[in-house]
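Presented below is the structure to which this report refers.
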Amino acid sequence: MNDSKTNNEKNNGQKANTLRKNHPEDTLMMVREEALSYGTEKKQGQYTLADYYALPDEQRVELIDGIIYDMTAPNYRHQILLSELFLEIKNYIRMHNGSCITTTSPTDVQLDCDDKTMVQPDLVVLCDHSKRRRFGIFGAPDLVMEILSPSTRKKDTGIKVTKYGNAGVREYWIIDPEQEKVLVYDFTREIYPVIYGFTDKIPVGIFDGKCVIDFNEIAEDLYTGEE
């Protein structure tokens, strides 16, 4: 092993140790759409929180069951959708003096409370404040929303459905801008998926259906001025 490689590994290890000291409760993992080695001898399925923290801050990834997935930059339509959904839910919580909090990606969610999985959902609602940490969320949020893109479609509609359900997420929305569909998984009532269109008013289950998202209004803003 040459000196430069030894030094790089030493530096990476120091960075991971420093981050673990900064976040003593963080036990995270990472997931990527493509298998990359990151200069280590590990294979996909073997990555841990230490590897997650060793990556550059500007490199967005998710860690799921020891597999690292790259996260490509979201497009304009994705961001408009996310902004509208965040405002709808945030305003509802505020108007009703609710205690839940909502946040958007990139927010680290240590979904399984282990060192093998760390996800960054597009939008989360958390009502159990005991799960709040300085780094993000430790455990399952109450509501998760993912907006599909070509690079995340397989992951968001496949493994994440299982992961979120098993972890204790109460409700999971998959928003598909291309098909103009919304799939709602109500894990608490074991009703899923219910499929809506972009012309529907969709009730938010964790708020007992009292919060309703009017996708027809959102769609108007989504396509305004788009070429």
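Observations, loosely collected:
- Any hit, the stretch 84-106, residues being crowded, with 16+ Cβ neighbours inside 10 Å, within 15 Å of the chain's Cα centre (by Cα) and in a helix (DSSP H, G or I): yes
- Selected residue (only one of ASP65, ASP26, ASP108 is at pLDDT 95 or above and outside the structural domain of GLU178 (by TED's automatic domain parsing)): ASP65
- Selection count where residues are part of a helix (DSSP H, G or I) and free of Cβ contacts under 8 Å to residues at least 40 places away in the same chain, scope the stretch 159-178: 4
- Listed by first and then second residue, the pairs linking a residue in the stretch 60-88 that is of a type outside the set (Val, Ile, Thr) to a residue that is part of a helix (DSSP H, G or I), with Cβ atoms under 6 Å apart and 6 or more places separating them unless they lie on different chains, are LEU63/TYR52; GLU84/ILE218.
- Check on ASP115, farther than 17 Å from CYS211 by Cα and either over 12 Å from the mean Cα position of the chain (by Cα) or assigned to a loop (DSSP other than H, G, I, E, B) (or both): yes
- Subset of the stretch 126-144 that is in contact (Cβ under 8 Å) with a residue 40 or more places away in the chain and touching a helix residue (DSSP H, G or I) at 6+ places or on another chain (Cβ under 6 Å) - its residue that is surrounded by the most Cβ atoms within 10 Å (Cβ to Cβ): LEU143
The values are calculated or read from the model by the stated rules, or taken from the named source; none is laboratory data. Fair warning: this is a prediction, and the values are worked out from it, not measured in the lab. Virtual Cβ from ideal backbone geometry, glycine too; neighbours counted across all protein chains shown.
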